[in-house]
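The values are calculated or read from the model by the stated rules, or taken from the named source; none is laboratory data. These numbers come from a predicted model, not from an experiment. Quick reminder, even Gly has a Cβ in these numbers, built from the backbone with ideal geometry, and neighbours come from all protein chains shown. Note: accessible area is taken over every heavy atom of the protein model, side chains too, but ligands, DNA and RNA are not part of it. Shrake-Rupley method; radii C 1.70, N 1.55, O 1.52, S 1.80 Å.
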Amino acid sequence: MAEYEPGNVLVTGGAGFIGANFVRFWRRRYPENRLVVLDALTYAGNRSSLADLEGREHFHFVHGDIRDQSLVEELLRRHELRTIVHFAAESHVDRSIAGPDAFISTNIQGTHSLLKAARQVWLEETGAGSHRFHHVSTDEVYGSLGPADPGFSEATAYAPNSPYSASKAASDHLVRAYHHTFGLAVTTSNCSNNYGPYQFPEKLIPLMLINVLEGRPLPVYGDGLNVRDWLHVDDHNRAIELVLRKGRVGDTYNIGGNSERTNLDIVRLLCRLMDERFAGNPTLGERFAGAPGARGLPSDELIAFVSDRPGHDRRYAVDAGKISGELGYRPRESFDTGIDKTIDWYLANEAWWRAVMDGSYQDWVRHHYGRGVD
Ligand code: NAD
Ligand code: DAU
(Lines give C-alpha, C1' and ligand atoms only; values in the text may rest on other atoms or scores of the structure.)
(Ligands and ions follow the chains in the order given, each with its own letter.)
Protein backbone atom coordinates (compact mmCIF):
# COMPACT_ATOMS: atom_id res chain seq x y z
CA MET A 1 0.00 0.00 0.00
CA ALA A 2 1.34 3.48 -0.92
CA GLU A 3 2.31 5.65 2.02
CA TYR A 4 0.35 8.83 2.68
CA GLU A 5 2.27 12.06 1.94
CA PRO A 6 1.19 14.56 4.63
CA GLY A 7 1.91 17.75 2.64
CA ASN A 8 1.09 20.99 4.48
CA VAL A 9 0.03 20.38 8.06
CA LEU A 10 -2.16 22.06 10.67
CA VAL A 11 -1.00 21.26 14.20
CA THR A 12 -3.55 22.15 16.86
CA GLY A 13 -2.20 22.71 20.38
CA GLY A 14 1.34 23.12 19.01
CA ALA A 15 2.35 25.46 21.84
CA GLY A 16 1.64 22.74 24.43
CA PHE A 17 3.98 20.03 25.65
CA ILE A 18 3.66 17.26 23.04
CA GLY A 19 2.68 19.69 20.28
CA ALA A 20 5.81 21.83 20.69
CA ASN A 21 7.99 18.73 20.54
CA PHE A 22 6.03 17.47 17.52
CA VAL A 23 6.49 20.76 15.67
CA ARG A 24 10.30 20.53 16.08
CA PHE A 25 10.32 16.89 15.08
CA TRP A 26 8.15 17.59 12.03
CA ARG A 27 10.27 20.56 10.91
CA ARG A 28 13.34 18.33 10.94
CA ARG A 29 11.55 15.63 8.98
CA TYR A 30 9.67 17.83 6.47
CA PRO A 31 11.49 21.18 6.24
CA GLU A 32 9.89 22.03 2.88
CA ASN A 33 6.28 21.56 4.00
CA ARG A 34 4.20 24.37 5.43
CA LEU A 35 3.38 23.92 9.09
CA VAL A 36 0.64 26.00 10.71
CA VAL A 37 0.20 25.92 14.48
CA LEU A 38 -3.23 26.85 15.85
CA ASP A 39 -3.19 27.37 19.60
CA ALA A 40 -5.43 29.30 22.01
CA LEU A 41 -2.49 29.85 24.42
CA THR A 42 -4.27 28.69 27.54
CA TYR A 43 -2.21 28.45 30.74
CA ALA A 44 -0.67 25.26 29.20
CA GLY A 45 0.23 26.82 25.86
CA ASN A 46 3.37 28.90 25.69
CA ARG A 47 4.64 30.75 22.70
CA SER A 48 8.08 30.69 24.28
CA SER A 49 8.09 26.93 23.60
CA LEU A 50 8.25 27.76 19.87
CA ALA A 51 10.32 30.95 20.10
CA ASP A 52 13.21 29.62 18.00
CA LEU A 53 10.83 28.91 15.10
CA GLU A 54 9.17 32.33 14.89
CA GLY A 55 9.79 33.99 11.54
CA ARG A 56 11.17 30.83 9.92
CA GLU A 57 10.15 29.90 6.42
CA HIS A 58 7.11 27.60 6.14
CA PHE A 59 6.21 28.14 9.80
CA HIS A 60 3.08 30.05 10.85
CA PHE A 61 1.73 30.55 14.34
CA VAL A 62 -1.96 31.42 14.67
CA HIS A 63 -3.32 32.48 18.04
CA GLY A 64 -6.84 31.10 17.85
CA ASP A 65 -9.32 28.55 19.07
CA ILE A 66 -10.19 25.16 17.60
CA ARG A 67 -13.84 25.98 18.41
CA ASP A 68 -13.71 28.77 15.81
CA GLN A 69 -14.88 26.76 12.81
CA SER A 70 -14.68 29.57 10.27
CA LEU A 71 -11.08 30.36 11.31
CA VAL A 72 -10.09 26.72 10.85
CA GLU A 73 -11.81 26.56 7.46
CA GLU A 74 -10.02 29.71 6.36
CA LEU A 75 -6.64 28.28 7.45
CA LEU A 76 -7.25 25.01 5.61
CA ARG A 77 -8.06 26.92 2.41
CA ARG A 78 -5.47 29.69 2.62
CA HIS A 79 -2.51 27.44 3.45
CA GLU A 80 -3.69 24.46 1.37
CA LEU A 81 -3.50 22.19 4.38
CA ARG A 82 -4.46 18.58 3.85
CA THR A 83 -3.36 17.07 7.16
CA ILE A 84 -4.49 17.94 10.67
CA VAL A 85 -2.62 16.60 13.69
CA HIS A 86 -4.93 17.37 16.57
CA PHE A 87 -3.24 17.79 19.97
CA ALA A 88 -5.22 20.74 21.37
CA ALA A 89 -7.01 19.80 24.55
CA GLU A 90 -7.44 20.42 28.22
CA SER A 91 -5.11 17.68 29.41
CA HIS A 92 -4.74 17.66 33.20
CA VAL A 93 -6.86 15.19 35.18
CA ASP A 94 -6.76 17.19 38.43
CA ARG A 95 -8.09 20.28 36.66
CA SER A 96 -10.89 18.20 35.14
CA ILE A 97 -11.92 17.25 38.68
CA ALA A 98 -11.76 20.84 39.91
CA GLY A 99 -13.67 22.17 36.86
CA PRO A 100 -14.92 19.83 34.12
CA ASP A 101 -16.63 22.44 31.89
CA ALA A 102 -13.55 23.52 29.95
CA PHE A 103 -12.86 19.85 29.17
CA ILE A 104 -16.30 19.31 27.69
CA SER A 105 -16.04 22.51 25.69
CA THR A 106 -12.53 22.13 24.26
CA ASN A 107 -12.13 18.38 24.06
CA ILE A 108 -15.60 17.47 22.81
CA GLN A 109 -17.05 20.57 21.17
CA GLY A 110 -13.63 21.74 19.98
CA THR A 111 -12.87 18.42 18.32
CA HIS A 112 -16.32 18.43 16.76
CA SER A 113 -15.78 21.93 15.44
CA LEU A 114 -12.49 20.84 13.82
CA LEU A 115 -14.16 17.81 12.28
CA LYS A 116 -16.90 20.03 10.82
CA ALA A 117 -14.30 22.37 9.32
CA ALA A 118 -12.34 19.47 7.82
CA ARG A 119 -15.50 17.96 6.38
CA GLN A 120 -16.58 21.28 4.89
CA VAL A 121 -13.28 22.09 3.18
CA TRP A 122 -11.94 18.63 2.35
CA LEU A 123 -15.17 16.82 1.46
CA GLU A 124 -17.71 19.47 0.47
CA GLU A 125 -15.48 22.00 -1.32
CA THR A 126 -12.45 20.19 -2.68
CA GLY A 127 -14.12 16.83 -3.14
CA ALA A 128 -12.43 14.08 -1.11
CA GLY A 129 -8.88 14.46 -2.42
CA SER A 130 -6.03 13.11 -0.37
CA HIS A 131 -6.38 14.33 3.23
CA ARG A 132 -5.91 13.08 6.79
CA PHE A 133 -7.23 13.98 10.25
CA HIS A 134 -5.05 12.47 12.96
CA HIS A 135 -6.55 12.57 16.42
CA VAL A 136 -4.15 12.38 19.39
CA SER A 137 -5.81 10.59 22.27
CA THR A 138 -4.95 8.83 25.50
CA ASP A 139 -4.82 5.38 27.06
CA GLU A 140 -6.96 6.78 29.90
CA VAL A 141 -10.11 6.17 27.82
CA TYR A 142 -9.75 2.48 28.71
CA GLY A 143 -10.05 3.04 32.46
CA SER A 144 -7.98 1.28 35.12
CA LEU A 145 -6.20 -2.11 35.18
CA GLY A 146 -5.74 -4.63 37.99
CA PRO A 147 -2.16 -5.69 38.86
CA ALA A 148 -2.19 -8.82 36.65
CA ASP A 149 -4.37 -7.58 33.78
CA PRO A 150 -2.89 -7.48 30.27
CA GLY A 151 -2.21 -4.01 28.83
CA PHE A 152 -4.90 -2.05 26.98
CA SER A 153 -5.31 -3.20 23.38
CA GLU A 154 -7.33 -1.52 20.65
CA ALA A 155 -10.09 -4.05 21.43
CA THR A 156 -10.33 -3.09 25.13
CA ALA A 157 -13.75 -1.61 25.94
CA TYR A 158 -13.79 2.12 26.76
CA ALA A 159 -14.32 2.80 30.50
CA PRO A 160 -13.19 6.38 31.19
CA ASN A 161 -13.19 7.36 34.87
CA SER A 162 -12.39 11.09 35.04
CA PRO A 163 -14.06 14.05 33.34
CA TYR A 164 -10.81 14.39 31.33
CA SER A 165 -10.80 10.81 30.06
CA ALA A 166 -14.56 10.87 29.46
CA SER A 167 -14.16 13.99 27.31
CA LYS A 168 -11.30 12.37 25.35
CA ALA A 169 -13.39 9.21 24.90
CA ALA A 170 -16.25 11.30 23.51
CA SER A 171 -13.89 13.01 21.09
CA ASP A 172 -12.54 9.62 19.93
CA HIS A 173 -16.09 8.51 19.16
CA LEU A 174 -16.82 11.67 17.18
CA VAL A 175 -13.68 11.17 15.08
CA ARG A 176 -14.69 7.59 14.39
CA ALA A 177 -18.24 8.67 13.47
CA TYR A 178 -17.01 11.29 10.99
CA HIS A 179 -15.09 8.56 9.20
CA HIS A 180 -17.88 6.02 9.26
CA THR A 181 -20.70 8.39 8.33
CA PHE A 182 -19.09 11.08 6.17
CA GLY A 183 -15.98 9.36 4.83
CA LEU A 184 -13.45 11.69 6.48
CA ALA A 185 -10.00 10.04 6.36
CA VAL A 186 -9.12 9.76 10.05
CA THR A 187 -6.63 7.93 12.25
CA THR A 188 -6.49 7.93 16.05
CA SER A 189 -3.69 7.09 18.46
CA ASN A 190 -4.12 6.37 22.18
CA CYS A 191 -0.87 6.92 24.03
CA SER A 192 0.39 6.34 27.56
CA ASN A 193 2.06 8.94 29.85
CA ASN A 194 4.61 11.15 28.10
CA TYR A 195 7.58 12.96 29.61
CA GLY A 196 10.30 15.19 28.16
CA PRO A 197 11.11 18.86 27.44
CA TYR A 198 8.46 21.62 27.57
CA GLN A 199 6.06 19.69 29.82
CA PHE A 200 4.06 22.07 31.95
CA PRO A 201 5.10 21.75 35.62
CA GLU A 202 1.72 20.55 36.86
CA LYS A 203 2.34 16.99 35.62
CA LEU A 204 4.12 14.48 37.85
CA ILE A 205 7.69 14.53 36.50
CA PRO A 206 8.33 18.26 35.96
CA LEU A 207 6.37 19.15 39.10
CA MET A 208 8.58 16.90 41.23
CA LEU A 209 11.80 18.09 39.56
CA ILE A 210 11.02 21.74 40.15
CA ASN A 211 9.80 21.15 43.69
CA VAL A 212 13.12 19.44 44.49
CA LEU A 213 15.00 22.46 43.11
CA GLU A 214 12.84 24.86 45.10
CA GLY A 215 12.88 22.77 48.29
CA ARG A 216 9.09 22.37 48.24
CA PRO A 217 7.16 19.24 49.34
CA LEU A 218 6.81 16.42 46.79
CA PRO A 219 3.08 15.62 46.98
CA VAL A 220 2.55 11.90 46.37
CA TYR A 221 -1.14 11.03 46.05
CA GLY A 222 -2.50 8.19 48.20
CA ASP A 223 -0.03 5.34 48.76
CA GLY A 224 2.05 6.26 45.70
CA LEU A 225 1.60 2.78 44.22
CA ASN A 226 -0.45 3.77 41.16
CA VAL A 227 1.28 2.63 38.00
CA ARG A 228 1.78 4.49 34.72
CA ASP A 229 3.48 3.37 31.48
CA TRP A 230 6.03 6.06 30.60
CA LEU A 231 7.11 7.06 27.10
CA HIS A 232 9.52 9.76 25.94
CA VAL A 233 7.66 12.40 23.94
CA ASP A 234 9.92 11.94 20.89
CA ASP A 235 8.91 8.28 20.69
CA HIS A 236 5.25 9.33 20.80
CA ASN A 237 5.82 11.75 17.93
CA ARG A 238 7.68 9.14 15.86
CA ALA A 239 4.72 6.84 16.35
CA ILE A 240 2.28 9.54 15.19
CA GLU A 241 4.31 9.99 12.01
CA LEU A 242 4.17 6.23 11.38
CA VAL A 243 0.40 6.16 11.86
CA LEU A 244 -0.07 9.15 9.57
CA ARG A 245 2.06 7.74 6.79
CA LYS A 246 1.37 4.03 7.04
CA GLY A 247 -1.66 3.58 9.29
CA ARG A 248 -4.94 2.27 7.99
CA VAL A 249 -7.57 4.96 7.53
CA GLY A 250 -10.30 4.66 10.15
CA ASP A 251 -8.08 2.66 12.50
CA THR A 252 -6.87 3.25 16.04
CA TYR A 253 -3.32 2.51 17.24
CA ASN A 254 -2.25 2.22 20.87
CA ILE A 255 1.20 3.64 21.72
CA GLY A 256 3.11 2.74 24.87
CA GLY A 257 6.58 2.61 26.36
CA ASN A 258 6.49 -0.87 27.91
CA SER A 259 7.88 0.97 30.91
CA GLU A 260 5.61 0.62 33.92
CA ARG A 261 6.62 2.37 37.14
CA THR A 262 4.83 3.23 40.38
CA ASN A 263 4.63 6.93 41.16
CA LEU A 264 6.71 6.41 44.28
CA ASP A 265 9.46 4.71 42.28
CA ILE A 266 9.49 7.65 39.87
CA VAL A 267 9.69 10.23 42.66
CA ARG A 268 12.46 8.32 44.48
CA LEU A 269 14.41 7.92 41.24
CA LEU A 270 14.14 11.65 40.50
CA CYS A 271 15.36 12.42 44.04
CA ARG A 272 18.36 10.12 43.64
CA LEU A 273 19.31 11.54 40.24
CA MET A 274 19.02 15.08 41.55
CA ASP A 275 21.15 14.23 44.60
CA GLU A 276 23.85 12.87 42.26
CA ARG A 277 23.78 16.07 40.23
CA PHE A 278 24.05 18.30 43.29
CA ALA A 279 26.92 16.18 44.64
CA GLY A 280 28.80 16.41 41.34
CA ASN A 281 28.19 20.07 40.54
CA PRO A 282 28.64 22.75 43.28
CA THR A 283 27.18 25.52 41.08
CA LEU A 284 23.77 23.81 41.37
CA GLY A 285 23.78 24.47 45.10
CA GLU A 286 24.44 28.15 44.39
CA ARG A 287 21.65 28.33 41.78
CA PHE A 288 19.11 26.45 43.89
CA ALA A 289 19.93 27.36 47.46
CA GLY A 290 16.56 26.08 48.77
CA ALA A 291 17.12 22.53 47.49
CA PRO A 292 18.10 19.84 50.02
CA GLY A 293 21.05 19.00 47.73
CA ALA A 294 22.47 22.50 48.32
CA ARG A 295 22.99 21.48 51.99
CA GLY A 296 24.12 17.95 51.18
CA LEU A 297 20.77 16.51 52.29
CA PRO A 298 18.74 13.85 50.43
CA SER A 299 15.90 15.20 48.27
CA ASP A 300 13.56 12.39 49.34
CA GLU A 301 13.15 14.12 52.71
CA LEU A 302 10.67 16.32 50.79
CA ILE A 303 8.31 13.42 49.96
CA ALA A 304 4.87 14.14 51.43
CA PHE A 305 1.99 11.67 51.15
CA VAL A 306 -1.19 13.67 50.47
CA SER A 307 -4.84 12.75 50.13
CA ASP A 308 -5.59 10.76 47.00
CA ARG A 309 -6.92 12.07 43.68
CA PRO A 310 -10.69 11.32 43.61
CA GLY A 311 -11.39 8.36 41.33
CA HIS A 312 -7.64 7.82 40.87
CA ASP A 313 -6.99 5.13 38.22
CA ARG A 314 -4.74 2.47 39.72
CA ARG A 315 -2.79 1.22 36.74
CA TYR A 316 -2.32 1.97 33.05
CA ALA A 317 -0.33 -0.26 30.68
CA VAL A 318 -0.44 -0.35 26.92
CA ASP A 319 -0.18 -3.32 24.60
CA ALA A 320 1.57 -1.74 21.61
CA GLY A 321 1.51 -5.00 19.63
CA LYS A 322 -0.58 -3.62 16.76
CA ILE A 323 1.57 -0.58 15.96
CA SER A 324 4.76 -2.63 16.45
CA GLY A 325 3.57 -5.53 14.30
CA GLU A 326 1.86 -3.57 11.53
CA LEU A 327 3.93 -0.38 11.34
CA GLY A 328 7.30 -1.42 12.80
CA TYR A 329 7.11 0.93 15.82
CA ARG A 330 9.90 0.63 18.44
CA PRO A 331 10.59 3.26 21.15
CA ARG A 332 14.19 4.48 20.88
CA GLU A 333 14.51 5.98 24.34
CA SER A 334 14.66 3.79 27.46
CA PHE A 335 13.20 5.32 30.61
CA ASP A 336 16.71 5.60 32.10
CA THR A 337 18.16 7.53 29.15
CA GLY A 338 15.02 9.60 28.63
CA ILE A 339 14.74 10.71 32.24
CA ASP A 340 18.42 11.72 32.38
CA LYS A 341 17.97 13.93 29.29
CA THR A 342 14.77 15.38 30.72
CA ILE A 343 16.40 16.36 34.02
CA ASP A 344 19.25 18.00 32.11
CA TRP A 345 16.74 19.90 29.96
CA TYR A 346 14.92 21.33 33.01
CA LEU A 347 18.24 22.31 34.61
CA ALA A 348 19.35 24.05 31.41
CA ASN A 349 15.99 25.77 30.82
CA GLU A 350 15.21 27.39 34.15
CA ALA A 351 14.12 30.57 32.35
CA TRP A 352 11.45 28.61 30.43
CA TRP A 353 9.86 26.99 33.47
CA ARG A 354 10.00 30.13 35.57
CA ALA A 355 8.28 32.07 32.79
CA VAL A 356 5.47 29.56 32.30
CA MET A 357 4.76 29.31 36.03
CA ASP A 358 3.00 32.64 36.20
CA GLY A 359 0.80 34.06 38.96
CA SER A 360 -2.44 32.33 38.03
CA TYR A 361 -0.73 28.98 37.91
CA GLN A 362 0.84 29.52 41.32
CA ASP A 363 -2.57 30.39 42.74
CA TRP A 364 -3.99 27.20 41.34
CA VAL A 365 -1.20 25.09 42.82
CA ARG A 366 -1.62 26.73 46.22
CA HIS A 367 -5.36 26.13 46.09
CA HIS A 368 -4.96 22.58 44.85
CA TYR A 369 -2.27 21.43 47.28
CA GLY A 370 -4.03 23.27 50.08
CA ARG A 371 -5.82 19.96 50.51
CA GLY A 372 -3.89 18.03 53.16
CA VAL A 373 -0.12 17.66 53.05
CA ASP A 374 0.14 15.08 55.89
P1 NAD B 1 -0.89 20.41 27.05
O2 NAD B 1 -1.94 20.71 28.07
O3 NAD B 1 0.54 20.57 27.41
O4 NAD B 1 -1.14 21.32 25.74
C5 NAD B 1 -2.42 21.53 25.22
C6 NAD B 1 -2.32 22.67 24.21
O7 NAD B 1 -3.62 22.87 23.63
C8 NAD B 1 -1.90 24.01 24.82
O9 NAD B 1 -0.93 24.63 24.00
C10 NAD B 1 -3.18 24.82 24.83
O11 NAD B 1 -2.97 26.23 24.73
C12 NAD B 1 -3.88 24.26 23.61
N13 NAD B 1 -5.34 24.46 23.66
C14 NAD B 1 -6.18 24.19 24.70
N15 NAD B 1 -7.43 24.51 24.38
C16 NAD B 1 -7.40 24.99 23.10
C17 NAD B 1 -8.39 25.47 22.20
N18 NAD B 1 -9.68 25.53 22.57
N19 NAD B 1 -8.02 25.86 20.97
C20 NAD B 1 -6.71 25.81 20.59
N21 NAD B 1 -5.73 25.37 21.42
C22 NAD B 1 -6.07 24.96 22.65
O23 NAD B 1 -1.20 18.94 26.56
P24 NAD B 1 -0.21 17.76 26.13
O25 NAD B 1 0.23 17.05 27.33
O26 NAD B 1 0.77 18.30 25.18
O27 NAD B 1 -1.23 16.81 25.35
C28 NAD B 1 -1.50 17.02 23.97
C29 NAD B 1 -2.55 15.99 23.53
O30 NAD B 1 -2.03 14.69 23.75
C31 NAD B 1 -3.86 16.09 24.28
O32 NAD B 1 -4.91 15.86 23.37
C33 NAD B 1 -3.79 14.95 25.29
O34 NAD B 1 -5.08 14.46 25.60
C35 NAD B 1 -2.97 13.93 24.53
N36 NAD B 1 -2.16 13.00 25.33
C37 NAD B 1 -1.30 13.51 26.28
C38 NAD B 1 -0.48 12.61 26.98
C39 NAD B 1 0.49 13.10 28.03
O40 NAD B 1 1.09 12.28 28.75
N41 NAD B 1 0.72 14.40 28.18
C42 NAD B 1 -0.56 11.25 26.72
C43 NAD B 1 -1.47 10.78 25.75
C44 NAD B 1 -2.24 11.69 25.05
O1 DAU C 1 -2.00 8.24 30.36
C2 DAU C 1 -1.93 9.37 29.54
C3 DAU C 1 -2.29 10.60 30.34
O4 DAU C 1 -1.17 10.86 31.19
C5 DAU C 1 -2.61 11.82 29.49
O6 DAU C 1 -3.76 11.56 28.75
C7 DAU C 1 -2.83 13.05 30.37
O8 DAU C 1 -3.02 14.20 29.56
C9 DAU C 1 -1.59 13.24 31.22
O10 DAU C 1 -1.79 14.33 32.10
C11 DAU C 1 -1.30 11.98 32.02
O12 DAU C 1 -2.33 11.75 33.03
P13 DAU C 1 -1.94 11.31 34.51
O14 DAU C 1 -3.06 11.67 35.42
O15 DAU C 1 -1.47 9.90 34.55
O16 DAU C 1 -0.64 12.28 34.73
P17 DAU C 1 -0.17 13.14 35.97
O18 DAU C 1 1.21 13.61 35.65
O19 DAU C 1 -1.17 14.15 36.40
O20 DAU C 1 -0.05 12.06 37.14
C21 DAU C 1 0.74 10.90 37.01
C22 DAU C 1 0.53 10.07 38.27
O23 DAU C 1 1.15 10.76 39.37
C24 DAU C 1 -0.91 9.87 38.64
O25 DAU C 1 -1.07 8.57 39.20
C26 DAU C 1 -1.17 10.93 39.72
C27 DAU C 1 0.18 11.05 40.39
N28 DAU C 1 0.52 12.38 40.94
C29 DAU C 1 0.42 13.44 40.09
C30 DAU C 1 0.74 14.71 40.52
C31 DAU C 1 0.59 15.90 39.59
C32 DAU C 1 0.98 12.53 42.24
O33 DAU C 1 1.09 11.54 43.00
N34 DAU C 1 1.28 13.78 42.67
C35 DAU C 1 1.17 14.90 41.87
O36 DAU C 1 1.46 16.01 42.33
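Structure values in brief
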item	result
Size of the range 149-299 as Cα extents on the principal axes (Å, biggest first)	63, 32, 24
Simple spin-label estimate for A155 and R245 in nanometres, 7 Å along Cα-Cβ	3.0 nm
Normalised per residue, the volume of the convex hull around the Cα set of the range 1-70 (Å³)	108 Å³
Within the chain, longest stretch free of exposed GluC sites (Glu not before Pro) [DSSP loop, at most 12 other beta carbons within 10 Å]	81-374
Cα-only radius of gyration and Dmax that characterise the range 85-211, units Å	16.2, 53
Distance (nanometres) between label positions extended 7 Å along Cα→Cβ at D94 and S334	3.1 nm
19 Å reach of a label modelled at L225, 7 Å along Cα-to-Cβ, counting backbone N of the range 308-343	308-317
The chain, relative contact order in percent, only Cα pairs under 8 angstrom and at least six apart counted	18 percent
Residue-normalised accessible area of the chain, expressed per residue, 1.4 Å probe, Å²	40 Å²
Length gained when the stretch H312-R287 is fully extended (0.36 nm per residue, less Cα-Cα span)	5.4 nm
Within the chain, longest stretch free of exposed trypsin sites (Lys or Arg not before Pro) [DSSP loop, at most 10 other beta carbons within 10 Å]	1-331
Accessible surface of the range 85-195 [probe 1.4 Å, protein heavy atoms]: carbon and sulfur percent	53 percent
Proportion of all alpha-carbon pairs of the chain beyond 35 Å (%)	23 percent
Values of log10 I(q)/I(0), in the order q = 0.20 Å⁻¹, for the range 104-165 under a Debye, Cα-only, solvent-free model	-0.87
Cα convex hull of the range 179-234 - mean projected area over all directions, nm²	6.4 nm²
Spatially proximal lysines relative to K168 (Cα-Cα < 18 Å; intrachain offsets below 8 disregarded)	K116, K203
Alpha carbon centroid spacing (whole Å) that separates the range 143-169 from the range 1-73	29 Å
Set of aspartates and glutamates near K246 by C-alpha distance (under 13 Å), chain-local residues within fewer than 8 positions excluded	E3, E5, E326
For the chain, calculated [θ]222 nm from helices alone, where every DSSP H run of n ≥ 4 adds -39500 (n - 2.57)	-12000 deg cm²/dmol
With all protein chains modelled, accessible area of S299 [1.4 Å, Å²]	0 Å²
D358-L297 pseudo-label distance in nm [points 7 Å out on the Cα-to-Cβ vector]	3.4 nm
Antiparallel bridge percentage (DSSP; both residues within the chain; nearest 5)	10 percent
Alpha-carbon Debye profile of the range 228-304, log10 I(q)/I(0) at 0.15 Å⁻¹	-0.68
